[in-house]
Structures are given as C-alpha cells and as structure tokens.
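Chemist: Pasting a structure below so you can have a look.
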Amino acid sequence: MKPTIPQRLSYQTGKQPPVVEVDLTGKTVCVIGANKGMGFEMCKHFASMNAGRIIFACRSSALKARQLLTVQLKQETGYTKGELWLIDLGDFQSVKAFGDRFEQDEGRLDILVANAAMETRKYTTTKDGWETTLQVNHIAMSAAVLRLVPVMFKTGHEHATKPRIVMVSSDLHYDVAMNKKLLAEPGKILQTMGSPRWFHKNAATQYAFTKLLNIFFARSLTDRLGPDSPLIVNAVAPGFAVSELRRDLKGFLGVVLGAIESMIALTTEEGSRRIVWAAVALPDAAHTLRGQYINCNKVQEASDFAISAEGRKAEQDIWNETLAILGRQDPKTIETAQSYLNF
C-alpha cells in the first residue's frame, strides 16, 4: 500500500480529532526527545492526564532543559513532576549511562516514546564513527529501547498493566525500498547505509530509510516478545507537522519546504496528538496495536516493500546486524535479548 497524493493531502488538511485522554495517575512516562517540538507537546498532554512521573530524556544542556521543565511546563500545565534525564543518541556511552540510570532507579515505566530524530543532507559522523542520521534515528534509539525492556516487563507484571513502546516513524517510509544490491550481504546492510558513498547517493532519502528501520524494529521486537508479553510495541507517523526537524535544511530546499509547511503542515501540537494516540488509546484492546504501523489514529498497512517477503527478510537481517552492533557497544542489550526475547 502507498497512499495517493490526494490521500496524503487529506491526512494533512482534514479536521484533526482532539487528543485522546486517559487517566495516567501513578504511571511513569518517558519521552526521548522531549525538550522541544512534538516531544514537549506530548509531555504537556501526558501532564494533563495526571501522569505520576514524566521523564524528559533529551540531549539539551542541563540548564536549558531544567528551565524548560520548571518554568514552561509548570506555567502551561501546572505540572511539577517532570524530571530531566540526559541522553545523547550520538554517543553510545551516553545511551548506556541512560540505561544504567533506569536500572538503578528501580521505578516503573508504563509508556516509552522513542521520538528523537534528525534529518540532514550533509554527511557527518558521530564520535562512534557512524553516519549521524543512522545512529541517532535507528541504532542508538534501538539501544535505548532495548535497555528499558526489563523495567517495562517488571512494570507490566507487578502492576497488571500493558506498558507501551512507541517508535515515532513517518509515512515517508512509503517512498523508499531497499534494492537487491543493498540486501545482498546480510550483516553489512547498516554498514553500507552508513557509508559516505551510500549517503551521497541517498542523502534526500536517508531520513525516510531510517523511518522504515523504525517500523522494522517495532515489528521485530514485537515478534520476539511474543503474543503473551505485557509489552505493546508499535510505530506511528505523526504526519507532516511544524517541527525543528528540518532546521538544518537550508537554501532552496529549505525555502520550498518552508512554503509547503506554511500551506499544509499540521501544527506541532496536532502532530503530537497522533503520537499520544499510539501511546494511550484503546486501553481495553491494546493487543490490536502489537507491532502495528499507525497513522491518523488508526492502524494502517505499511509500505509494499515492508510487507513483502523481501522486506521481511531485510527486517530479520537488519535486526541481527543491529543486535550485533549494540552488543559490541553495550553487552547488556544482548543480556536483555537473551532474557526477555524469543529467537
């Protein structure tokens, strides 16, 4: 399935439903990428639902983020139970420290929103040597999610609830497919996607490819958790919304995207509603969201490539390669996989 242009326009210009609301009293929410944009708007919605604790996981300086938490959030919602936890997805050691902190905290975790992402047309690498978009949007984000699986498992069993992991993807994944040459060497797919040669050929679509990887990860994790797991994992598209995601896109492209944004973009808050829906909607039928791709507050079919036999094979190979990469960076991700996932 690939939405037509009229369908995509209708997703953007149709009347947006109000945010779904549930009672989050006593529950803990963590939003990775929470200090601005849709991440912050999500936190405002979770605050209005009386979340017992909201963890703002972000890369911003402590001073800037604390000011945001203590001043802006309180001013806009009256909520005072927000906490800043630092995580830099461009640094595997920071992700490891984030996971260690959760392990030591020994608190509950009911909702995890993997929201942070970046888009750029310039090839750069992280301190770990990976192409920045690929590490931030997929590899390190996957590491962060896997490290939090144990605490979410514990939460589900101890509180008889169904914690949710929401991977923020994009409907741009419909516009990309992996060719046979890329998939010819299992174990080297991400290595190739992170190379300068690949990036320079695919700079305009690298972000979309990483959003496809988010869907692959959500499905792979769901498959390995099994149908009886208390955890619900899904992937959601927030739509084309006003965002700082495109702040690094300059020149003619920046002007064009700015013009399109002014005409059809959802507001930042409207985009956040769709993510919140994936995180809290259908509390009595949460199982229907396992491993699903969600758009416009409903389950939709992912791209033709994603659901094809070739796409499923790519998903398996990329899962194995991702786990191998993460195991070298943080052995606890492998321990989590061995203890909580089926192979």
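Residue-wise test of (1) over 26 Å from Q206 (Cβ atoms); (2) in a helix (DSSP H, G or I); (3) modelled with pLDDT of 90 or more.
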site	(1), (2), (3)
P17	yes, no, yes
A47	yes, yes, yes
A57	no, no, yes
S60	no, no, no
L69	yes, yes, no
E76	yes, yes, no
Y79	yes, no, yes
D88	no, no, yes
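Chemist: Would you confirm whether any residue within region 120-128 is assigned to a helix (DSSP H, G or I) and either modelled with pLDDT of 95 or more or out of contact with any Asp or Glu (no Cβ under 6 Å at 6 or more places or on another chain) (or both)?
Modeler: Let us first name the residues in region 120-128 that are assigned to a helix (DSSP H, G or I), namely none.
Taking every residue of region 120-128 in turn, none turns out to be assigned to a helix (DSSP H, G or I) and either modelled with pLDDT of 95 or more or out of contact with any Asp or Glu (no Cβ under 6 Å at 6 or more places or on another chain) (or both).
Chemist: Among the residues of region 173-195, what is the count of those that are in contact with a strand residue (DSSP E or B) (Cβ under 8 Å, 6 or more places away or on another chain), of a type outside the set (S, T, N, Q) and surrounded by fewer than 20 Cβ atoms within 10 Å (Cβ to Cβ)?
Modeler: Final tally of qualifying residues: 0.
Chemist: Find the helices (runs of 4 or more DSSP H) located wholly in region 158-211 whose residues include 2 or more that are more than 17 Å from Q135 (Cβ to Cβ), and list them.
Modeler: Helices (runs of 4 or more DSSP H) meeting the threshold: 180-183, 196-202.
Chemist: Restricting the search to region 71-95, which residues are among the polar types (S, T, N, Q) and either out of contact with any strand residue (DSSP E or B) (no Cβ under 8 Å at 6 or more places or on another chain) or touching a residue at least 60 places away in the same chain (Cβ under 8 Å) (or both)?
Modeler: Q72, Q75, T77, T80, Q93
Chemist: Ok, one more. With V145, V149 as the choices, which residue is more than 26 Å from P196 (Cα to Cα), modelled with pLDDT of 95 or more and in contact with a strand residue (DSSP E or B) (Cβ under 7 Å, 6 or more places away or on another chain)?
Modeler: Step by step, each of V145, V149 is checked, and only V145 is more than 26 Å from P196 (Cα to Cα), modelled with pLDDT of 95 or more and in contact with a strand residue (DSSP E or B) (Cβ under 7 Å, 6 or more places away or on another chain).
Chemist: Pairs, please: C-beta under 7 Å, at least 6 apart or cross-chain, first residue farther than 16 Å from L221 by Cα and without any contact (Cβ under 8 Å) to a residue 12 or more places away in the chain and in region 272-295, second of a type outside the set (V, I, T) and in a helix (DSSP H, G or I)?
Modeler: Listed by first residue and then by second, the contacts come to L282/L289.
Chemist: Follow-up question, since we're still on this one. Being surrounded by fewer than 19 Cβ atoms within 10 Å (Cβ to Cβ), touching a helix residue (DSSP H, G or I) at 6+ places or on another chain (Cβ under 6 Å) and farther than 19 Å from V166 by Cα narrows it down to one of D91, D128, so name that one.
Modeler: Result: D128 is the single residue among D91, D128 that is surrounded by fewer than 19 Cβ atoms within 10 Å (Cβ to Cβ), touching a helix residue (DSSP H, G or I) at 6+ places or on another chain (Cβ under 6 Å) and farther than 19 Å from V166 by Cα.
The values are calculated or read from the model by the stated rules, or taken from the named source; none is laboratory data. Just so it is clear, the model here is predicted, and its values are computed rather than measured. Using ideal geometry, Cβ is built from the backbone for each residue, glycine included, and neighbour counts are taken over all protein chains shown.
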